[in-house]
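Only one structure is covered here, and it is reproduced in the block below.
The values are calculated or read from the model by the stated rules, or taken from the named source; none is laboratory data. These figures come from a predicted structure and were not determined experimentally. Ideal geometry is used to build each Cβ from the backbone, glycine not excepted, and the neighbour counts take in all protein chains shown.
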Amino acid sequence: MKAHTDLNLLAGGGLIGLFLIMALISLVYTPYPPTRQDIGAQLAPATIAHPLGTDSFGRDTLSRLMVGARHTLTVAVFAVAIGALLGTGLGMIAGWFSGFIDDAVMRTVDFIMGFPILLFAILIAAVFGPGMRNSLIAIGLANIPVFARLVRGNLLGLKEREFVVSARACGAGGRRILLVHLLPNLLSPLVIQVTLSLGTAILADAGLSYLGLGIQPPHPSWGRMVYAAQSFLSLDPWLAVYPGIAIALTILGFNLLGDGLRDRLDPRRIRKTRKARSR
């Protein structure tokens, strides 16, 4: 089990690290400007000058993949951060208070959760318009219910534990109990959910970009690259394969990392490991 967990962590971390390095490098260097067109090099095959070839406008595919990685990871990280912060706050309010407040918060969350995350993101982006900022906000709002339900469910079990009762007996207020005693105990499931949600956010961002609701041309994004390549599949199928592989590997990396963290941070597994060592 430990070897399997470590393998997931290493494989997931390696994949994410690869795309993160690619995104960071794109801040200071790309082989070519990602929006520069070269009409004489349209749909060029892979060469030394263009290792992954060029698209229908003669733009370097590798440069666009690198910048697309930066845009995709930026949207995913900030969107999940929005969902995690707002969802955690709502989940703590719903879990701590009972009655009307809990019902109002959770019914709102259930309503949002009734829509698939991509469909909800499409709805928000369609209302407020396309663009990177609106795509980020849409995916962030769509992630709120996941974190709200996770935090509320864990909080309901934690707030009756002995350490909370002791804190109340010592005169600690509700805010101190929530922030000092309960929130640290929620970090493990939150970290795992953040990692898994990043993969979902990348898929949602690719879907929005494919539909024209994400980052707008000529700025590159993986989803838009797949959309632009579908008209030239018979001439150069690799135009769609490269961004498709990038999307799939990034999602796989976050899922493997999330699975590895879940196994590593699972309290039951930790207890079993400690018992095995004590024997």
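For (1) within 21 Å of V67 (Cα to Cα); (2) of a type outside the set (D, E, K, R), each residue gets a yes or a no:
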{"residue": "G212", "(1), (2)": "yes, yes"}
{"residue": "M225", "(1), (2)": "yes, yes"}
{"residue": "S234", "(1), (2)": "no, yes"}
{"residue": "L249", "(1), (2)": "yes, yes"}
{"residue": "L252", "(1), (2)": "yes, yes"}
{"residue": "R262", "(1), (2)": "no, no"}
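So which residues in segment 136-160 are modelled with pLDDT under 85 and in contact with a helix residue (DSSP H, G or I) (Cβ under 7 Å, 6 or more places away or on another chain)? Walk me through how you get there before you give the answer.
Within segment 136-160, the subset modelled with pLDDT under 85 is 156-160.
Selection gives L156, L158, K159.
Under 21 Å from N134 (Cβ atoms) and either modelled with pLDDT under 85 or surrounded by 13 or more Cβ atoms within 10 Å (Cβ to Cβ) (or both) - does that describe any residue in segment 246-258?
Narrowing segment 246-258 to residues under 21 Å from N134 (Cβ atoms): 247.
Right, trim to either modelled with pLDDT under 85 or surrounded by 13 or more Cβ atoms within 10 Å (Cβ to Cβ) (or both) and you get 247.
Yes - at least one qualifying residue is present in segment 246-258.
I'm trying to understand the selection: among the residues of segment 217-240, which are outside any loop (DSSP other than H, G, I, E, B) and not aliphatic (A, V, I, L, M)? Reasoning before the result, please.
If we filter segment 217-240 for residues that are outside any loop (DSSP other than H, G, I, E, B), which is where we start, we get 222-232, 238-240.
Result: W222, G223, R224, Y227, Q230, S231, F232, W238.
Given the structure, is A11 hydrophobic (A, V, I, L, M, F, W, C), within 22 Å of L203 (Cα to Cα) and either modelled with pLDDT under 95 or crowded, with 19+ Cβ neighbours inside 10 Å (or both)?
Working: hydrophobic (A, V, I, L, M, F, W, C): yes; within 22 Å of L203 (Cα to Cα): yes; either modelled with pLDDT under 95 or crowded, with 19+ Cβ neighbours inside 10 Å (or both): yes.
Here the answer is yes, as A11 does meet what is asked.
List, please: which pairs have Cβ atoms under 7 Å, are six or more places apart or on different chains, and start with a residue in segment 236-260 that is free of Cβ contacts under 8 Å to residues at least 24 places away in the same chain and end with one that is assigned to a helix (DSSP H, G or I) and crowded, with 19+ Cβ neighbours inside 10 Å?
A240/V226; A240/A229; G244/V226
Scan segment 14-49 residue by residue and report those that are touching a helix residue (DSSP H, G or I) at 6+ places or on another chain (Cβ under 6 Å) and in contact (Cβ under 8 Å) with a residue 40 or more places away in the chain. Let's see the steps before the verdict.
Step one: filter segment 14-49 for residues touching a helix residue (DSSP H, G or I) at 6+ places or on another chain (Cβ under 6 Å), giving 15-16, 19, 22-23, 26, 30-32, 34.
Hits for segment 14-49 are L15, I16, F19, M22, A23, S26, P34.
Under 12 Å from T88 (Cβ atoms) and either of a type in the set (G, A, S) or part of a helix (DSSP H, G or I) (or both): which single residue out of L203, L182 fits that description? Show your work before the answer.
Details: L203 fails: under 12 Å from T88 (Cβ atoms).
None of the others qualify; the one that does is L182.
Of all the residues that make up segment 187-224, how many are farther than 15 Å from I82 by Cα and in contact with a His (Cβ under 9 Å, 6 or more places away or on another chain)?
7
Yes or no: segment 28-40 includes at least one residue that is aliphatic (A, V, I, L, M), over 26 Å from the mean Cα position of the chain (by Cα) and either outside any loop (DSSP other than H, G, I, E, B) or at pLDDT below 95 (or both). Please lay out each step first, then the result.
Filtering segment 28-40 down to residues aliphatic (A, V, I, L, M) leaves 28, 39.
Filter once more, so that each one left must be over 26 Å from the mean Cα position of the chain (by Cα): 39.
From the residues that got through so far, the ones that are either outside any loop (DSSP other than H, G, I, E, B) or at pLDDT below 95 (or both) too are 39.
The answer is yes, given that some residue of segment 28-40 is aliphatic (A, V, I, L, M), over 26 Å from the mean Cα position of the chain (by Cα) and either outside any loop (DSSP other than H, G, I, E, B) or at pLDDT below 95 (or both).
How about segment 184-223: which of its residues are of a type in the set (S, T, N, Q) and within 21 Å of T35 (Cα to Cα)?
Within segment 184-223, S209, Q216, S221 qualify.
Yes/no per residue for (1) over 22 Å from L233 (Cα atoms); (2) loosely packed, with under 15 Cβ neighbours inside 10 Å; (3) among the hydrophobic types (A, V, I, L, M, F, W, C); (4) at pLDDT below 90:
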residue: I48; (1), (2), (3), (4): yes, yes, yes, no
residue: L65; (1), (2), (3), (4): no, no, yes, no
residue: A84; (1), (2), (3), (4): yes, no, yes, no
residue: W96; (1), (2), (3), (4): yes, no, yes, yes
residue: G99; (1), (2), (3), (4): yes, yes, no, yes
residue: I112; (1), (2), (3), (4): yes, no, yes, yes
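Just for segment 161-179: of the residues that are outside any loop (DSSP other than H, G, I, E, B) and among the aliphatic types (A, V, I, L, M), which one is farthest from F147 (Cα to Cα)?
So in segment 161-179, the residues outside any loop (DSSP other than H, G, I, E, B) come out as 162-169, 174-179.
With among the aliphatic types (A, V, I, L, M) added as a condition, the list becomes 164-165, 167, 169, 177-179.
Working: V164: 22, V165: 25, A167: 26, A169: 30, I177: 20, L178: 16, L179: 17 Å.
Out of the qualifying residues, it is A169.
Which of the residues that make up segment 125-152 are surrounded by fewer than 21 Cβ atoms within 10 Å (Cβ to Cβ) and farther than 20 Å from A94 by Cβ? Even if it seems obvious, please write down each step before you answer.
Within segment 125-152, the subset surrounded by fewer than 21 Cβ atoms within 10 Å (Cβ to Cβ) is 126-134, 137, 141, 149-150.
Answer for segment 125-152, where residues must be surrounded by fewer than 21 Cβ atoms within 10 Å (Cβ to Cβ) and farther than 20 Å from A94 by Cβ: A126, V127, F128, G129, P130, G131, M132, R133, N134, I137.
Yes or no: A79 free of Cβ contacts under 8 Å to residues at least 24 places away in the same chain and among the hydrophobic types (A, V, I, L, M, F, W, C)? Step through it out loud before you land on a result.
On the way: free of Cβ contacts under 8 Å to residues at least 24 places away in the same chain: no; among the hydrophobic types (A, V, I, L, M, F, W, C): yes.
Considered against the rule, which asks whether it is free of Cβ contacts under 8 Å to residues at least 24 places away in the same chain and among the hydrophobic types (A, V, I, L, M, F, W, C), A79 comes out as no.
Could you say whether any residue in segment 154-171 is touching a residue at least 60 places away in the same chain (Cβ under 8 Å) and among the aliphatic types (A, V, I, L, M)?
Yes, that holds for at least one residue.
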